[in-house]
Amino acid sequence: MSIPRYLGSICYHLIFIGIVGQVCCGQSLQSSGQSDDDIRELKLRDWQPRSMLKTKVTHVAKPAFPVIDVHNHLGGGAGLLTPSRVAGYLQEMDDAGVRFVVNLDGGWDERLVETLAALDKAHPNRFLTFALIDFRGFDDTGWTEREVSRLRQGFIAGAKGLKFHKSLGLSYRDTNGKLIGIDDARLDPIWELCGEMKKPVMIHTSDPAAFFTPLDRYNERWHELNEHPDWLFHGKDYPTRDELLAQRNRVIERHPQTTFIGAHFGNNPEDIESVGQLLDKYPNFYVDIDARISELGRQPYSCRRFFLKYQDRILFGTDTTPKADAFRLYYRFLETDDEYFDTAESHHRQGFWMIYGIFLPEEILEKIYFTNAAKILSIDAAH
(Lines give C-alpha, C1' and ligand atoms only; values in the text may rest on other atoms or scores of the structure.)
Protein backbone atom coordinates (compact mmCIF):
# COMPACT_ATOMS: atom_id res chain seq x y z
CA MET A 1 0.00 0.00 0.00
CA SER A 2 1.43 3.42 -0.97
CA ILE A 3 1.92 6.17 1.64
CA PRO A 4 -0.07 9.36 0.93
CA ARG A 5 2.17 12.18 -0.28
CA TYR A 6 1.37 14.49 2.66
CA LEU A 7 2.30 11.75 5.19
CA GLY A 8 5.58 11.11 3.43
CA SER A 9 6.36 14.80 3.58
CA ILE A 10 5.64 14.92 7.32
CA CYS A 11 7.91 11.90 7.97
CA TYR A 12 10.71 13.48 5.94
CA HIS A 13 10.53 16.72 7.89
CA LEU A 14 10.45 14.92 11.25
CA ILE A 15 13.59 12.95 10.35
CA PHE A 16 15.28 16.15 9.12
CA ILE A 17 14.39 17.99 12.33
CA GLY A 18 15.82 15.10 14.41
CA ILE A 19 19.13 15.17 12.55
CA VAL A 20 19.41 18.94 12.84
CA GLY A 21 18.63 18.72 16.55
CA GLN A 22 21.49 16.25 17.07
CA VAL A 23 23.92 18.37 15.08
CA CYS A 24 22.94 21.49 17.00
CA CYS A 25 23.65 19.66 20.26
CA GLY A 26 27.12 18.78 19.03
CA GLN A 27 26.13 15.24 18.02
CA SER A 28 25.67 13.25 14.88
CA LEU A 29 24.13 9.88 14.32
CA GLN A 30 27.62 8.38 14.25
CA SER A 31 28.91 10.17 17.37
CA SER A 32 25.87 10.32 19.62
CA GLY A 33 27.66 8.31 22.32
CA GLN A 34 24.67 6.02 22.69
CA SER A 35 25.96 2.87 21.03
CA ASP A 36 25.88 -0.36 22.98
CA ASP A 37 29.67 -0.66 23.04
CA ASP A 38 30.34 2.80 24.50
CA ILE A 39 32.66 2.11 27.46
CA ARG A 40 31.43 5.28 29.15
CA GLU A 41 28.09 3.57 29.60
CA LEU A 42 29.54 0.48 31.34
CA LYS A 43 27.46 -0.54 34.35
CA LEU A 44 29.34 -1.01 37.61
CA ARG A 45 27.87 -4.47 37.99
CA ASP A 46 29.52 -5.45 34.68
CA TRP A 47 32.98 -4.12 35.56
CA GLN A 48 35.47 -6.96 35.97
CA PRO A 49 38.92 -5.39 36.31
CA ARG A 50 41.98 -7.55 35.74
CA SER A 51 44.97 -6.61 37.83
CA MET A 52 48.14 -5.68 35.98
CA LEU A 53 50.31 -6.47 39.03
CA LYS A 54 52.91 -9.21 38.63
CA THR A 55 53.04 -10.88 42.02
CA LYS A 56 54.17 -14.18 43.49
CA VAL A 57 51.67 -17.02 43.19
CA THR A 58 51.96 -19.88 45.68
CA HIS A 59 49.90 -23.01 45.17
CA VAL A 60 49.23 -24.71 48.51
CA ALA A 61 47.75 -28.06 47.52
CA LYS A 62 47.69 -29.45 51.07
CA PRO A 63 47.72 -27.57 54.39
CA ALA A 64 50.67 -27.63 56.74
CA PHE A 65 48.55 -29.68 59.17
CA PRO A 66 45.31 -31.67 59.01
CA VAL A 67 42.23 -29.46 58.94
CA ILE A 68 38.93 -29.33 60.81
CA ASP A 69 36.42 -27.18 58.92
CA VAL A 70 34.09 -26.07 61.71
CA HIS A 71 31.60 -24.26 59.49
CA ASN A 72 30.05 -26.01 56.53
CA HIS A 73 26.64 -26.77 55.10
CA LEU A 74 26.30 -30.26 53.65
CA GLY A 75 22.52 -30.49 53.89
CA GLY A 76 20.44 -32.92 55.88
CA GLY A 77 18.22 -35.95 55.55
CA ALA A 78 18.60 -39.24 53.74
CA GLY A 79 17.05 -37.94 50.54
CA LEU A 80 19.78 -35.37 50.00
CA LEU A 81 22.77 -37.09 51.59
CA THR A 82 22.98 -40.00 49.18
CA PRO A 83 26.09 -42.22 49.18
CA SER A 84 27.27 -40.70 45.91
CA ARG A 85 26.91 -37.12 47.18
CA VAL A 86 28.75 -37.93 50.39
CA ALA A 87 31.48 -39.71 48.39
CA GLY A 88 31.92 -36.50 46.43
CA TYR A 89 32.36 -34.53 49.65
CA LEU A 90 34.96 -37.00 50.87
CA GLN A 91 36.92 -36.87 47.64
CA GLU A 92 37.20 -33.08 47.79
CA MET A 93 38.17 -33.27 51.45
CA ASP A 94 40.86 -35.87 50.77
CA ASP A 95 42.23 -33.90 47.83
CA ALA A 96 42.59 -30.84 50.07
CA GLY A 97 43.86 -32.52 53.25
CA VAL A 98 40.70 -31.92 55.28
CA ARG A 99 40.27 -34.41 58.11
CA PHE A 100 36.87 -33.35 59.51
CA VAL A 101 33.97 -31.22 58.32
CA VAL A 102 31.31 -29.90 60.68
CA ASN A 103 27.87 -30.01 59.07
CA LEU A 104 25.57 -27.36 60.53
CA ASP A 105 22.43 -28.64 58.80
CA GLY A 106 21.47 -31.52 61.08
CA GLY A 107 18.03 -30.28 62.04
CA TRP A 108 16.06 -32.23 64.64
CA ASP A 109 14.17 -35.49 65.18
CA GLU A 110 14.06 -37.83 62.17
CA ARG A 111 16.01 -35.49 59.90
CA LEU A 112 18.81 -35.32 62.46
CA VAL A 113 18.88 -39.11 62.87
CA GLU A 114 19.06 -39.56 59.08
CA THR A 115 21.82 -36.98 58.77
CA LEU A 116 23.89 -38.57 61.51
CA ALA A 117 23.45 -41.97 59.85
CA ALA A 118 24.52 -40.70 56.40
CA LEU A 119 27.55 -38.75 57.66
CA ASP A 120 28.84 -39.31 61.20
CA LYS A 121 28.01 -43.00 61.51
CA ALA A 122 28.66 -44.03 57.92
CA HIS A 123 32.02 -42.22 57.95
CA PRO A 124 33.30 -41.96 61.53
CA ASN A 125 36.08 -39.47 62.17
CA ARG A 126 35.22 -37.46 59.04
CA PHE A 127 31.96 -35.62 59.77
CA LEU A 128 30.50 -33.90 62.84
CA THR A 129 26.86 -32.86 62.68
CA PHE A 130 25.23 -30.03 64.65
CA ALA A 131 21.55 -29.87 65.58
CA LEU A 132 19.09 -27.02 65.07
CA ILE A 133 16.20 -25.59 67.09
CA ASP A 134 12.61 -25.53 65.83
CA PHE A 135 11.21 -22.04 66.46
CA ARG A 136 7.67 -22.89 65.39
CA GLY A 137 5.25 -22.32 68.23
CA PHE A 138 7.71 -20.18 70.14
CA ASP A 139 4.90 -18.50 72.09
CA ASP A 140 3.19 -21.75 72.96
CA THR A 141 3.15 -22.90 76.56
CA GLY A 142 5.88 -25.49 76.99
CA TRP A 143 7.93 -24.48 73.91
CA THR A 144 11.15 -24.20 75.92
CA GLU A 145 10.66 -27.57 77.62
CA ARG A 146 9.84 -29.19 74.28
CA GLU A 147 12.99 -27.89 72.60
CA VAL A 148 15.26 -28.65 75.55
CA SER A 149 14.02 -32.25 75.56
CA ARG A 150 14.34 -32.53 71.78
CA LEU A 151 17.84 -31.09 71.83
CA ARG A 152 18.94 -33.35 74.66
CA GLN A 153 17.81 -36.37 72.63
CA GLY A 154 19.65 -34.98 69.63
CA PHE A 155 22.88 -34.78 71.61
CA ILE A 156 22.38 -38.29 72.94
CA ALA A 157 21.82 -39.48 69.36
CA GLY A 158 25.19 -38.05 68.36
CA ALA A 159 24.87 -34.35 67.48
CA LYS A 160 28.13 -32.58 68.36
CA GLY A 161 26.80 -29.07 68.84
CA LEU A 162 24.02 -26.57 68.13
CA LYS A 163 23.74 -24.00 65.33
CA PHE A 164 21.81 -20.73 65.40
CA HIS A 165 21.29 -18.83 62.16
CA LYS A 166 21.05 -15.06 61.77
CA SER A 167 17.27 -15.59 61.61
CA LEU A 168 17.39 -15.30 65.40
CA GLY A 169 17.28 -11.54 65.81
CA LEU A 170 16.41 -10.75 62.20
CA SER A 171 13.56 -13.01 61.08
CA TYR A 172 11.90 -15.09 63.78
CA ARG A 173 8.90 -13.27 65.23
CA ASP A 174 6.39 -14.00 67.96
CA THR A 175 2.63 -14.08 67.47
CA ASN A 176 2.50 -10.29 67.87
CA GLY A 177 4.97 -9.80 65.04
CA LYS A 178 7.80 -8.76 67.34
CA LEU A 179 11.28 -10.01 66.51
CA ILE A 180 12.57 -12.63 68.94
CA GLY A 181 15.68 -11.30 70.61
CA ILE A 182 18.84 -13.38 70.83
CA ASP A 183 18.81 -12.81 74.59
CA ASP A 184 15.16 -13.79 75.08
CA ALA A 185 14.90 -15.49 78.47
CA ARG A 186 12.99 -18.43 76.98
CA LEU A 187 16.22 -19.51 75.29
CA ASP A 188 18.27 -19.57 78.51
CA PRO A 189 17.61 -23.27 79.28
CA ILE A 190 18.84 -24.17 75.79
CA TRP A 191 22.13 -22.34 76.27
CA GLU A 192 22.41 -23.98 79.69
CA LEU A 193 21.85 -27.46 78.26
CA CYS A 194 24.70 -26.94 75.79
CA GLY A 195 26.98 -26.01 78.67
CA GLU A 196 25.83 -28.95 80.75
CA MET A 197 26.46 -31.45 77.93
CA LYS A 198 29.63 -29.67 76.76
CA LYS A 199 28.30 -29.04 73.26
CA PRO A 200 29.45 -25.83 71.55
CA VAL A 201 27.04 -23.32 70.05
CA MET A 202 27.85 -21.99 66.58
CA ILE A 203 26.04 -18.66 66.47
CA HIS A 204 25.63 -16.43 63.42
CA THR A 205 24.54 -13.00 64.61
CA SER A 206 23.93 -9.98 62.42
CA ASP A 207 25.75 -9.70 59.06
CA PRO A 208 28.42 -7.53 57.36
CA ALA A 209 28.40 -3.90 58.43
CA ALA A 210 27.55 -2.66 54.93
CA PHE A 211 24.31 -4.66 55.00
CA PHE A 212 23.03 -2.35 57.74
CA THR A 213 23.75 0.92 55.91
CA PRO A 214 21.79 2.65 53.13
CA LEU A 215 22.14 1.17 49.67
CA ASP A 216 23.70 4.24 48.12
CA ARG A 217 26.90 5.24 46.35
CA TYR A 218 28.86 4.97 49.60
CA ASN A 219 27.99 1.34 50.28
CA GLU A 220 31.14 -0.74 49.74
CA ARG A 221 29.13 -3.88 48.92
CA TRP A 222 26.74 -2.20 46.51
CA HIS A 223 27.11 -4.84 43.83
CA GLU A 224 26.26 -7.74 46.20
CA LEU A 225 23.25 -5.99 47.65
CA ASN A 226 21.87 -5.16 44.23
CA GLU A 227 22.06 -8.84 43.31
CA HIS A 228 20.65 -9.89 46.70
CA PRO A 229 18.36 -7.11 47.98
CA ASP A 230 17.09 -9.43 50.72
CA TRP A 231 20.52 -9.15 52.33
CA LEU A 232 19.92 -5.49 53.20
CA PHE A 233 18.83 -4.96 56.82
CA HIS A 234 18.86 -1.19 56.94
CA GLY A 235 15.79 0.59 58.19
CA LYS A 236 13.09 0.68 60.82
CA ASP A 237 12.05 -2.95 60.31
CA TYR A 238 15.30 -4.25 61.81
CA PRO A 239 17.40 -3.73 64.94
CA THR A 240 20.71 -2.00 64.48
CA ARG A 241 23.76 -4.17 64.00
CA ASP A 242 25.21 -2.95 67.30
CA GLU A 243 22.05 -3.99 69.13
CA LEU A 244 22.12 -7.49 67.65
CA LEU A 245 25.73 -7.99 68.66
CA ALA A 246 24.95 -6.62 72.11
CA GLN A 247 22.12 -9.16 72.49
CA ARG A 248 24.51 -11.98 71.63
CA ASN A 249 27.15 -10.69 74.00
CA ARG A 250 24.66 -10.60 76.87
CA VAL A 251 23.93 -14.29 76.24
CA ILE A 252 27.64 -15.16 76.25
CA GLU A 253 28.06 -13.31 79.54
CA ARG A 254 25.03 -14.95 81.17
CA HIS A 255 26.22 -18.47 80.30
CA PRO A 256 29.94 -18.70 81.10
CA GLN A 257 29.91 -22.52 81.12
CA THR A 258 28.72 -22.66 77.49
CA THR A 259 31.18 -22.43 74.62
CA PHE A 260 30.12 -20.05 71.86
CA ILE A 261 31.71 -19.87 68.42
CA GLY A 262 31.07 -16.55 66.71
CA ALA A 263 30.51 -17.41 63.06
CA HIS A 264 32.17 -15.25 60.41
CA PHE A 265 34.84 -13.91 62.76
CA GLY A 266 32.20 -12.96 65.29
CA ASN A 267 30.49 -11.22 62.37
CA ASN A 268 32.62 -8.17 62.91
CA PRO A 269 35.79 -8.54 60.82
CA GLU A 270 35.48 -4.87 59.87
CA ASP A 271 36.44 -4.05 63.47
CA ILE A 272 38.84 -6.71 64.66
CA GLU A 273 39.91 -4.62 67.64
CA SER A 274 36.41 -4.97 69.09
CA VAL A 275 36.50 -8.73 68.42
CA GLY A 276 39.70 -8.93 70.41
CA GLN A 277 38.06 -7.07 73.28
CA LEU A 278 35.31 -9.68 73.37
CA LEU A 279 37.84 -12.50 73.41
CA ASP A 280 39.59 -10.77 76.31
CA LYS A 281 36.32 -10.38 78.20
CA TYR A 282 34.70 -13.77 77.53
CA PRO A 283 36.92 -16.86 77.85
CA ASN A 284 34.01 -19.00 76.56
CA PHE A 285 33.95 -17.16 73.21
CA TYR A 286 35.78 -18.23 70.03
CA VAL A 287 35.61 -17.07 66.43
CA ASP A 288 35.95 -18.83 63.10
CA ILE A 289 37.17 -17.35 59.82
CA ASP A 290 34.57 -18.79 57.47
CA ALA A 291 33.55 -16.67 54.47
CA ARG A 292 35.49 -13.69 55.81
CA ILE A 293 39.01 -13.99 54.42
CA SER A 294 38.08 -11.25 51.95
CA GLU A 295 37.57 -8.92 54.92
CA LEU A 296 40.56 -10.17 56.88
CA GLY A 297 42.96 -10.30 53.98
CA ARG A 298 42.48 -6.67 53.03
CA GLN A 299 43.95 -5.68 56.42
CA PRO A 300 46.91 -8.07 56.56
CA TYR A 301 49.08 -6.25 59.11
CA SER A 302 46.36 -5.89 61.75
CA CYS A 303 45.04 -9.35 60.93
CA ARG A 304 48.42 -11.03 61.38
CA ARG A 305 48.93 -9.32 64.74
CA PHE A 306 45.46 -10.46 65.80
CA PHE A 307 46.16 -14.09 64.84
CA LEU A 308 49.45 -14.04 66.73
CA LYS A 309 47.78 -12.66 69.87
CA TYR A 310 44.62 -14.77 69.82
CA GLN A 311 46.04 -17.94 68.31
CA ASP A 312 44.22 -20.15 70.84
CA ARG A 313 40.76 -18.70 70.08
CA ILE A 314 40.50 -18.83 66.27
CA LEU A 315 39.03 -21.74 64.31
CA PHE A 316 39.25 -22.70 60.65
CA GLY A 317 36.01 -22.72 58.65
CA THR A 318 34.88 -22.06 55.08
CA ASP A 319 31.06 -21.94 54.79
CA THR A 320 31.59 -23.44 51.32
CA THR A 321 30.47 -26.89 50.20
CA PRO A 322 33.64 -29.02 50.07
CA LYS A 323 35.71 -28.03 47.07
CA ALA A 324 39.46 -28.55 47.02
CA ASP A 325 40.32 -25.29 45.27
CA ALA A 326 38.22 -23.30 47.73
CA PHE A 327 40.03 -24.86 50.68
CA ARG A 328 43.35 -24.05 49.03
CA LEU A 329 42.58 -20.34 48.88
CA TYR A 330 42.23 -20.38 52.66
CA TYR A 331 45.58 -22.16 52.96
CA ARG A 332 47.16 -19.56 50.70
CA PHE A 333 45.79 -16.78 52.90
CA LEU A 334 47.01 -18.37 56.13
CA GLU A 335 50.35 -19.81 55.02
CA THR A 336 51.88 -17.50 52.39
CA ASP A 337 52.94 -13.92 51.93
CA ASP A 338 51.35 -13.72 48.48
CA GLU A 339 49.98 -10.30 47.60
CA TYR A 340 46.80 -8.99 46.02
CA PHE A 341 45.02 -12.19 45.02
CA ASP A 342 41.38 -12.98 44.38
CA THR A 343 39.35 -15.20 46.72
CA ALA A 344 36.03 -15.29 44.87
CA GLU A 345 36.25 -19.06 44.48
CA SER A 346 36.54 -19.54 48.23
CA HIS A 347 32.97 -18.32 48.80
CA HIS A 348 31.99 -15.44 46.53
CA ARG A 349 33.47 -12.07 45.68
CA GLN A 350 32.96 -9.53 48.45
CA GLY A 351 33.47 -5.91 47.54
CA PHE A 352 35.98 -5.64 44.73
CA TRP A 353 38.71 -6.67 47.16
CA MET A 354 41.91 -8.55 46.58
CA ILE A 355 43.70 -9.90 49.66
CA TYR A 356 47.16 -10.52 51.10
CA GLY A 357 48.50 -13.60 52.85
CA ILE A 358 49.45 -13.42 56.54
CA PHE A 359 52.17 -16.16 56.54
CA LEU A 360 51.53 -17.56 60.00
CA PRO A 361 54.17 -19.61 61.87
CA GLU A 362 53.64 -23.37 61.85
CA GLU A 363 52.88 -23.63 65.56
CA ILE A 364 49.98 -21.20 65.08
CA LEU A 365 48.76 -22.86 61.91
CA GLU A 366 48.44 -26.16 63.74
CA LYS A 367 46.21 -24.55 66.36
CA ILE A 368 43.94 -22.80 63.85
CA TYR A 369 43.71 -25.73 61.47
CA PHE A 370 43.16 -28.44 64.06
CA THR A 371 44.05 -28.17 67.74
CA ASN A 372 41.67 -25.40 68.83
CA ALA A 373 38.64 -27.05 67.25
CA ALA A 374 39.67 -30.52 68.45
CA LYS A 375 39.59 -29.25 72.03
CA ILE A 376 36.13 -27.72 71.69
CA LEU A 377 34.68 -30.71 69.81
CA SER A 378 36.36 -33.35 72.02
CA ILE A 379 38.29 -34.87 69.12
CA ASP A 380 41.20 -37.11 69.97
CA ALA A 381 44.32 -35.61 68.40
CA ALA A 382 45.25 -39.13 67.26
CA HIS A 383 42.51 -38.86 64.65
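Restricting to the range 156-204, give me the number of residues that are β-branched (Val, Ile, Thr) and without any contact (Cβ under 8 Å) to a residue 12 or more places away in the chain. Outline the logic, then answer.
Just the residues of the range 156-204 that are β-branched (Val, Ile, Thr), to begin with: 156, 175, 180, 182, 190, 201, 203.
If we keep only those that are without any contact (Cβ under 8 Å) to a residue 12 or more places away in the chain as well, we get 156.
Residues flagged as β-branched (Val, Ile, Thr) and without any contact (Cβ under 8 Å) to a residue 12 or more places away in the chain within the range 156-204 amount to 1.
Of all residues in the range 324-377, those being at pLDDT below 95 and hydroxyl-bearing (Ser, Thr, Tyr) number 2. Scoring Ser51 on the criteria (1) more than 26 Å from Ile289 (Cα to Cα); (2) modelled with pLDDT under 95; (3) of a type outside the set (Lys, Arg) leaves a single failure, condition (1). Applying the criterion of being among the aromatic types (Phe, Trp, Tyr) and assigned to a helix (DSSP H, G or I) to the residues of the range 348-371, the residue that is farthest from Phe307 (Cα to Cα) is Phe370. Can you confirm whether the range 210-231 contains a residue that is surrounded by 17 or more Cβ atoms within 10 Å (Cβ to Cβ), out of contact with any helix residue (DSSP H, G or I) (no Cβ under 6 Å at 6 or more places or on another chain) and farther than 30 Å from Arg45 by Cα? Within the range 210-231, not a single residue is surrounded by 17 or more Cβ atoms within 10 Å (Cβ to Cβ), out of contact with any helix residue (DSSP H, G or I) (no Cβ under 6 Å at 6 or more places or on another chain) and farther than 30 Å from Arg45 by Cα. Being in a helix (DSSP H, G or I), farther than 23 Å from Lys166 by Cα and assigned by TED's automatic domain parsing to the domain that holds Arg186 is a description that applies to Phe307.
Tallying residues that are surrounded by fewer than 17 Cβ atoms within 10 Å (Cβ to Cβ) and not aliphatic (A, V, I, L, M) within the range 354-383 yields 8. Could you please let me know if Arg328 is surrounded by 20 or more Cβ atoms within 10 Å (Cβ to Cβ), charged (D, E, K, R), on the phi < 0 side of the Ramachandran plot and under 19 Å from the mean Cα position of the chain (by Cα)? So Arg328 passes the test.
In the set Phe285, Phe316, Phe265, only one residue is over 26 Å from Asp184 (Cβ atoms) and among the aromatic types (Phe, Trp, Tyr); that residue is Phe316.
Among the candidates Glu345, Glu339, single out the residue that is in a loop (DSSP other than H, G, I, E, B), surrounded by fewer than 18 Cβ atoms within 10 Å (Cβ to Cβ) and not polar (S, T, N, Q). Please lay out each step first, then the result.
Numbers: Glu345 fails: in a loop (DSSP other than H, G, I, E, B).
Being in a loop (DSSP other than H, G, I, E, B), surrounded by fewer than 18 Cβ atoms within 10 Å (Cβ to Cβ) and not polar (S, T, N, Q) holds for just one of Glu345, Glu339, which is Glu339.
Residue-wise test of (1) among the acidic types (Asp, Glu); (2) within 19 Å of the chain's Cα centre (by Cα); (3) surrounded by 15 or more Cβ atoms within 10 Å (Cβ to Cβ); (4) within 19 Å of Ser206 (Cα to Cα).
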| site | (1), (2), (3), (4) |
| --- | --- |
| Arg241 | no, yes, yes, yes |
| Phe260 | no, yes, yes, yes |
| Gly266 | no, yes, yes, yes |
| Leu296 | no, yes, yes, yes |
| Tyr301 | no, no, no, no |
| Asp319 | yes, yes, yes, yes |
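Residue by residue, here is whether (1) at pLDDT 95 or above; (2) acidic (Asp, Glu); (3) touching a helix residue (DSSP H, G or I) at 6+ places or on another chain (Cβ under 6 Å) holds:
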| position | (1), (2), (3) |
| --- | --- |
| Arg136 | yes, no, no |
| Leu162 | yes, no, yes |
| Gly177 | no, no, no |
| Leu193 | yes, no, yes |
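Taking the range 74-182 and the helices (runs of 4 or more DSSP H) fully enclosed by it, the elements with 2 or more residues that are of a type in the set (A, V, I, L, M), within 26 Å of the chain's Cα centre (by Cα) and assigned by TED's automatic domain parsing to the domain that holds Pro208 are at 83-96, 109-116, 167-170.
Quick one: is Asn72 within 17 Å of His123 (Cα to Cα), buried (at least 19 other Cβ atoms within 10 Å of the Cβ), polar (S, T, N, Q) and touching a residue at least 40 places away in the same chain (Cβ under 8 Å)? Please lay out each step first, then the result.
Working: within 17 Å of His123 (Cα to Cα): yes; buried (at least 19 other Cβ atoms within 10 Å of the Cβ): yes; polar (S, T, N, Q): yes; touching a residue at least 40 places away in the same chain (Cβ under 8 Å): yes.
It is true that Asn72 is within 17 Å of His123 (Cα to Cα), buried (at least 19 other Cβ atoms within 10 Å of the Cβ), polar (S, T, N, Q) and touching a residue at least 40 places away in the same chain (Cβ under 8 Å).
Selection of the range 183-196 for residues being aliphatic (A, V, I, L, M) and part of a loop (DSSP other than H, G, I, E, B) yields an empty set.
The values are calculated or read from the model by the stated rules, or taken from the named source; none is laboratory data. Bear in mind the structure is a predicted one, so any value in this text is a computation, not a measurement. When we count neighbours, we look across all protein chains shown, and the Cβ atoms used for this are built from the backbone with ideal geometry, even at glycine.
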